[in-house]
Amino acid sequence: MDTYLLPFSCDDAFDGDRLAEIHERIDSIEYTHQICEEIIAGKEQDELTMQILNDSVNTKVSAAEEAYVSQYWEARKAECRKRLGDCPFGYHTVMYAKRYHRLLVLEAPDIILANEARSLASALVLFRWCKKYEYVDNSVRQHYDRLEQMSEEELDELHRPRKNANSRKSMVSLFVYLILKQHSDSEHPLKQQEILSYLAEEPYEIVVERKALSRVIQNLKSSQLGIYTDKHRGSWFMGGDA
């Protein structure tokens with residue numbers, strides 16, 4: 001457990017008060033941008049929110065301060081790599097373990113402990129299996145935020161099969177190529193049933209016969225687009241940015 005719970009030795013090299021003050025201004029700037037986006041979208045703001053906007057609109061963070069914060073996080077991540085190896089989610093695992101341990105010490109309510117335990121379990125799974133990750137733009141986060149706020153009826157309507165689900169079959173070759181490129185590699189080939197499952201889900205929503213899929217895969221394989229197949233393992237993408 002010491003691997004996860006030991007304090008970061010690199011923290012002694014940084015000014016904690018300065019970091020907290022910079023982070024506070026960064027959060028203030030982000031919140032200001034959020035308010036401005038809502039105003040542009042036509043959403044009315046209450047008096048308190050407008051006061052916060054007026055007080056924060058001139059808040060700035062210098063390039064030197066941004067570099068200082070970046071050096072701090074990089075030092076922490078480097079220390080995690082020494083402890084756990086070069087895994088993308090090593091730092092997340094350490095931080096969730098520290099938070100969960102802290103809540104246990106504070107004897108937090110069971111519901112809070114359960115939520116934090118789920119986050120720690122997710123981090124441990126990603127730590128064990130994730131090879132790389134990348135950030136998505138804010139529109140993706142907003143999409144999932146909207147899904148979380150939907151009622152059961154709205155979610156049912158959203159996922160109900162559409163009448164014209166097969167009207168885009170002329171694009172099935174492109175969809176199969178995208179699925180293989182996004183979800184497969186030489187170590188993780190996709191079986192035909194897995195490809196059919198991806199095709200049936202959003203954003204593709206297409207029902208394809210297995211024989212038709214076999215023809216599509218063979219055409220992609222012969223088109224020099226970096227698609228490879230094996231009758232036992234499945235199909236996978238291994239090529240350049242075609």
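Overview of results
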read-out	value
Enumeration of residues in the stretch 39-70 that are within 24 Å of the chain's Cα centre (by Cα) and surrounded by 13 or more Cβ atoms within 10 Å (Cβ to Cβ)	69
Among the candidates 117, 41, 64, 13, residue that is under 28 Å from residue 132 (Cα atoms) and of a type in the set (Gly, Ala, Ser)	117
Qualifying residue in the stretch 4-16 (condition: within 24 Å of the chain's Cα centre (by Cα) and either part of a helix (DSSP H, G or I) or touching a residue at least 40 places away in the same chain (Cβ under 8 Å) (or both))	yes
Boolean, residue 107 is assigned to a helix (DSSP H, G or I), exposed (fewer than 13 other Cβ atoms within 10 Å of the Cβ) and acidic (Asp, Glu)	no
Members of the stretch 77-105 found to be closer than 20 Å to residue 15 by Cα and in contact with a Cys (Cβ under 6 Å, 6 or more places away or on another chain), listed by number	79
Count of the stretch 76-100 residues which are touching a Leu at 6+ places or on another chain (Cβ under 7 Å) and free of Cβ contacts under 8 Å to residues at least 24 places away in the same chain	1
Any hit, the stretch 21-31, residues being assigned to a helix (DSSP H, G or I), more than 27 Å from the chain's Cα centre (by Cα) and either farther than 30 Å from residue 85 by Cβ or in contact (Cβ under 8 Å) with a residue 12 or more places away in the chain (or both)	yes
Cross-chain or 6+ apart pairs with Cβ under 9 Å, the stretch 204-230 first and under 19 Å from residue 186 (Cα atoms) and in the same structural domain as residue 190 (by TED's automatic domain parsing), then basic (Lys, Arg) and in a helix (DSSP H, G or I)	225/181; 226/181; 227/181; 227/221; 228/221; 229/221
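Residue by residue, here is whether (1) modelled with pLDDT of 90 or more; (2) of a type in the set (Val, Ile, Thr) holds:
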position: 100; (1), (2): yes, no
position: 104; (1), (2): yes, no
position: 118; (1), (2): yes, no
position: 123; (1), (2): no, no
position: 126; (1), (2): no, no
position: 129; (1), (2): no, no
position: 133; (1), (2): no, no
position: 137; (1), (2): no, no
position: 140; (1), (2): no, yes
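The values are calculated or read from the model by the stated rules, or taken from the named source; none is laboratory data. Quick caveat: nothing in here was measured; it's all calculated off a predicted structure. Cβ: placed from backbone, ideal geometry, glycine included. Neighbour counts: every protein chain shown.
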